[in-house]
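These notes concern the structure reproduced below.
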Amino acid sequence: MAIIYSYPTVTPELDDLLIGSDKGDDNATKSFTVSSLVSLINAQSGTGTVTSVTVDGDTWISSTGSPITSAGTIDIGLSASGTPSATTFLRGDNVWAEATTTNSNVAVYDEGVSVTTDMNSLNFLGDGVIAVSDQNGNVNVTIGGESNEVDSIIAGTGIGVSSSTGNVIVTNTGVTGIVAGTNVTLTPSSGTGVVTIDASSAGTVSVVNPGQGIKLQAGSATSDPTIGVDATGNNNYVKVIEAQTTPASDDFIPFSSFSTGDAKTTTLSAIPATAVDLIKTYIDDGDDGDVRNNTDTFTSVADVNQVITLTAAEYAAIVSKDANTLYLTTAGGGSTSTVTLAIDTSGVTGSQYTITGDQIGDTKTGVVGSAYAFSTTVPATAGYYWSVGPTINNASGSFPGVSGTVTTTISGTVAANPPNSCVATATFDFSGLSGYDAAKVSFTSTPSTDSKTCPNTLTGSEFVASYSILDSDYEFTSGPSYTYPTNTINSSQNVIIQVSGTFQPKQGTVTLTLTDNINSNSGADLNSKYEVASVNGGSAGALSAISWSTGTGTATVTGNYGQTWSINTTASAKPGYSLTPSYSPANPLTGTISSPAHGVTQTLSGTASSQTGTATQLTSFNVTGPTAGYTAQGTYSVNGASPINGTTYNGAPGENITFAYAWTLAGGYYWVNDPNSNLTYSPSSTVVIVGGQNTTTTASTTGEVALIITQSFYSSSIARTGSTQSCSDNSSATTHYLTKGAGNFGAGPEIGDYCWTNVGGTTPCGNGYFNYGSGMMGYAYHVMGSNAGYINTITGPPCS
């Protein structure tokens, strides 16, 4: 046999022949094809008999490497054009393309006016507006009601507004311009804006010099003079018109009315005794001890006008006795004593005075125990006056048992009348001092007065003003500055030191720093599960809104020294969550503003947790008929899952609960009015769980159930397509049974009945016309097979 390797080497084909021995034929030599050998090997290995695999692509799928006849790789992929990436998607036209936003189809309106019909994004701006997105992409927008924002505008005097809210137009309804009158010039001449008004003199007066009894109160003789009546010094209006005379009862004197504050006049005779208390007291004291007979109504004895006390001997010696005198006698006179007057002038400064009235050495004698009184006066001599006093304590009392000396004391200061001098007394004008309060700051001038020979001019250096703050909670934020008088004085008068500046309470700021430790996540759940607010209940200003940064918030309250602050912080749960907060230190934080800046801190703790909510399906059903003929079952499904029997579900906020009701007939009953077809829900069969709340929906329906009652009757047996054809059938060919929906039992088939082919009423009659009755004299009834044997048409009789 030839050596195998001596043959040339080639690649075998499936149709090539191989030589081998056939064991089934006594090892006879035979030939077989390569393909048969491959098939035999595949069959033995269990790999089947496939000899070739080809994958064909189409518009969407591409493939390479086909066919495979023994071994190989077929690559299958998408035939789409473009490049797949994280920003592209496969379009319906088999193209990898990027998403485009040429039209979002989202419209935005501002109070009914279109802003855009193709919105790409939203950006919330403005103070108090907070937009927060959670991990699920839900965005919460909070619009805070800031206390410092303008809610409305109210027009004051001279101001007009088009409305109190919204787009407000403010107009000036008062002074809109200044027009220059005679001798008046304006800068600017338009009279609008900041206007300076200058007045020019139109008269001929250039100098004003005060005359007798008149003084220059302010200004100078040539500039802004203020003239008034002089009430002090040698030029006072009484002194300069001095003309001593005795007033008559009808003479007028001026006075200032205390009740009205007006200057008025009266006559001397019209002055009531009650208006001159000292004179009345003097007269009353003089009348003390007088005996009066003003109630004697008897005429048998003469009225007593006076009383004389004397001894019996002295009475007997009176030759002519007065009928109107009452004489009181005693057998002998009482003991008497004498008092001699001494005058003490050691308390008097100066000697230019005279002693009038009772003098030194004058005596008075009287009965021991009776009263006595001396009266001495001390007028100043000409050219002098009492500058202090005089104070006179006249000797008075009761006659002592032993005669002696009594003393009148006089004190005071007598001085020469002053020359023609003017005294300038410093006063203050606080109209330029903002916030002036006499109880909190006082001003003094050193000296307080300055005397000069009139006329003269003040230089301003005569006075030095100073102040003293009486309340340490106040301060000058500007000033005080002083403008001293420099005017000519022609009489004693007050001169004005003008004070300017700003005097106000000291101010301080309290800064509250809050640490949000609720849920121990540095405020990550703030404004989504809970909210925090702080207010000031003290007398200081309002607490500002809290400014949060991560888990730390700050707010400030500014007020005057002495004002109180009482910051009360509250943390409260948002709807659907529960929170029991704690505060360290506890609320409220209180204090008094007493420094420029003061800080307080507080830490909030607690756990904000989701609250479960309850969804409940209520029922409002009106189903008549035997209650044993049906059963009803309420169900609910959670987020689209399989229904669960029940009408109440307690779950997490945001879960969607869909309620349903299933009605089932009992055996032997049927629906006259199916409640499933009438079932409605109010407001909806789907309820969204809200934490901490009980949400309800009500299922309503009407229906009627009835017991299946069968009635047998003879009828044609074949359902025909028309009534004429059915009338030719034998009506007694078969037995049908009725459920009397029409209720007319024994009357045969009627509209509303159900037709059955069996006694139990489970197999409906076929769809078509049947003959009932006597041939053509009977009538046909039509059964609706689509409604399970329902009879909806009766034709005849007679049958047609």
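The values are calculated or read from the model by the stated rules, or taken from the named source; none is laboratory data. Only a predicted model underlies this, so the values are computations on that prediction, with no experimental measurement involved. All Cβ positions, glycine included, derive from the backbone under ideal geometry; neighbour counts span all protein chains shown. Please note that ligands, DNA and RNA were not included when accessible areas were found on the heavy atoms of the full protein model with its side chains. Shrake-Rupley method; radii C 1.70, N 1.55, O 1.52, S 1.80 Å.
Taking region 301-317 as the range and being in a loop (DSSP other than H, G, I, E, B) and open to solvent by less than 50 Å² (accessible area, probe 1.4 Å) as the test, the residues that pass are Ala302, Val304. Of all residues in region 541-550, those being modelled with pLDDT under 90 and surrounded by 18 or more Cβ atoms within 10 Å (Cβ to Cβ) number 1.
Taking the criterion of being in a loop (DSSP other than H, G, I, E, B), modelled with pLDDT of 90 or more and open to solvent by 70 Å² or more (accessible area, probe 1.4 Å), the only residue of region 581-606 that qualifies is Pro596. Only one of the listed residues (Thr407, Thr425) is in a strand (DSSP E or B) and more than 30 Å from Ile489 (Cβ to Cβ). That residue is Thr407. Among the residues of region 485-493, are any out of contact with any Gly (no Cβ under 7 Å at 6 or more places or on another chain), assigned to a strand (DSSP E or B), over 30 Å from Val139 (Cβ atoms) and open to solvent by 60 Å² or more (accessible area, probe 1.4 Å)? No; the residues of region 485-493 include none that is out of contact with any Gly (no Cβ under 7 Å at 6 or more places or on another chain), assigned to a strand (DSSP E or B), over 30 Å from Val139 (Cβ atoms) and open to solvent by 60 Å² or more (accessible area, probe 1.4 Å).
Quick check, is Ser528 within 25 Å of Val141 (Cα to Cα) and surrounded by fewer than 15 Cβ atoms within 10 Å (Cβ to Cβ)? Judged against the criteria, Ser528 is not a match.
If only residues of region 373-404 that are among the polar types (S, T, N, Q), within 16 Å of Gln359 (Cα to Cα) and outside any loop (DSSP other than H, G, I, E, B) are counted, the one that is most open to solvent (accessible area, probe 1.4 Å) is Asn393. Filtered by the rule that a residue be without any contact (Cβ under 8 Å) to a residue 60 or more places away in the chain, over 18 Å from Gly796 (Cβ atoms), open to solvent by less than 60 Å² (accessible area, probe 1.4 Å) and in contact with a Phe, Trp or Tyr (Cβ under 6 Å, 6 or more places away or on another chain), region 680-728 gives Ser685, Ile708, Thr710.
Every residue, every condition in (1) under 30 Å from Tyr790 (Cβ atoms); (2) of a type in the set (A, V, I, L, M, F, W, C); (3) outside any strand (DSSP E or B), yes or no:
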residue: Pro653; (1), (2), (3): no, no, yes
residue: Ala660; (1), (2), (3): yes, yes, no
residue: Trp663; (1), (2), (3): yes, yes, no
residue: Val672; (1), (2), (3): yes, yes, no
residue: Tyr681; (1), (2), (3): yes, no, no
residue: Ser684; (1), (2), (3): no, no, yes
residue: Val687; (1), (2), (3): no, yes, no
residue: Ser700; (1), (2), (3): yes, no, no
residue: Glu704; (1), (2), (3): yes, no, no
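List the number of the failed condition for Tyr649; all other conditions in (1) out of contact with any Ser or Thr (no Cβ under 6 Å at 6 or more places or on another chain); (2) closer than 28 Å to Glu750 by Cα; (3) part of a strand (DSSP E or B) hold. Here Tyr649 clears every test but (2).
Out of region 425-455, which residues are more than 16 Å from Pro480 (Cα to Cα) and either among the charged types (D, E, K, R) or over 42 Å from the mean Cα position of the chain (by Cα) (or both)? Listed by number, the residues that qualify are Thr425, Ala426, Thr446, Pro447, Ser448, Thr449, Asp450, Ser451, Lys452, Thr453, Cys454, Pro455. Ser786 meets each of the listed conditions (1) open to solvent by 50 Å² or more (accessible area, probe 1.4 Å); (2) modelled with pLDDT of 80 or more; (3) of a type outside the set (A, V, I, L, M, F, W, C) apart from (2). Being aromatic (Phe, Trp, Tyr) and in contact with a helix residue (DSSP H, G or I) (Cβ under 7 Å, 6 or more places away or on another chain) is true for just one of Tyr327, Tyr372, Tyr353. Which residue is that? Result: Tyr327 is the single residue among Tyr327, Tyr372, Tyr353 that is aromatic (Phe, Trp, Tyr) and in contact with a helix residue (DSSP H, G or I) (Cβ under 7 Å, 6 or more places away or on another chain). Residues that are surrounded by 14 or more Cβ atoms within 10 Å (Cβ to Cβ), closer than 30 Å to Asn678 by Cα and either in contact with a Lys or Arg (Cβ under 6 Å, 6 or more places away or on another chain) or not small (Gly, Ala, Ser) (or both) within region 607-629 comprise Thr614, Thr616, Gln617, Leu618, Phe621, Val623, listed in sequence order. Among the conditions (1) crowded, with 19+ Cβ neighbours inside 10 Å; (2) in a loop (DSSP other than H, G, I, E, B); (3) in contact with a helix residue (DSSP H, G or I) (Cβ under 7 Å, 6 or more places away or on another chain); (4) modelled with pLDDT of 75 or more, the only one that Ser731 does not satisfy is (4). The residues of region 460-484 that are farther than 18 Å from Ser594 by Cβ, in contact with a strand residue (DSSP E or B) (Cβ under 8 Å, 6 or more places away or on another chain), open to solvent by 20 Å² or more (accessible area, probe 1.4 Å) and in a loop (DSSP other than H, G, I, E, B), listed by number, are Glu462, Tyr484. Has region 327-346 got at least one residue that is of a type outside the set (Lys, Arg), over 23 Å from Thr311 (Cα atoms) and in a loop (DSSP other than H, G, I, E, B)? No, region 327-346 contains no residue that is of a type outside the set (Lys, Arg), over 23 Å from Thr311 (Cα atoms) and in a loop (DSSP other than H, G, I, E, B). Does region 734-751 hold any residues that are surrounded by 15 or more Cβ atoms within 10 Å (Cβ to Cβ), in a loop (DSSP other than H, G, I, E, B) and at pLDDT 80 or above, and which are they? Hits for region 734-751 are Gly748, Pro749, Glu750.
None of Gly553, Gly562 is buried (at least 16 other Cβ atoms within 10 Å of the Cβ) and not in a strand (DSSP E or B) except Gly562. Could you list, in sequence order, the residues of region 432-445 that are without any contact (Cβ under 8 Å) to a residue 60 or more places away in the chain and either open to solvent by 50 Å² or more (accessible area, probe 1.4 Å) or farther than 11 Å from Tyr467 by Cβ (or both)? Once the filter is applied, which keeps residues that are without any contact (Cβ under 8 Å) to a residue 60 or more places away in the chain and either open to solvent by 50 Å² or more (accessible area, probe 1.4 Å) or farther than 11 Å from Tyr467 by Cβ (or both), region 432-445 yields Ala438, Ala439, Thr444.
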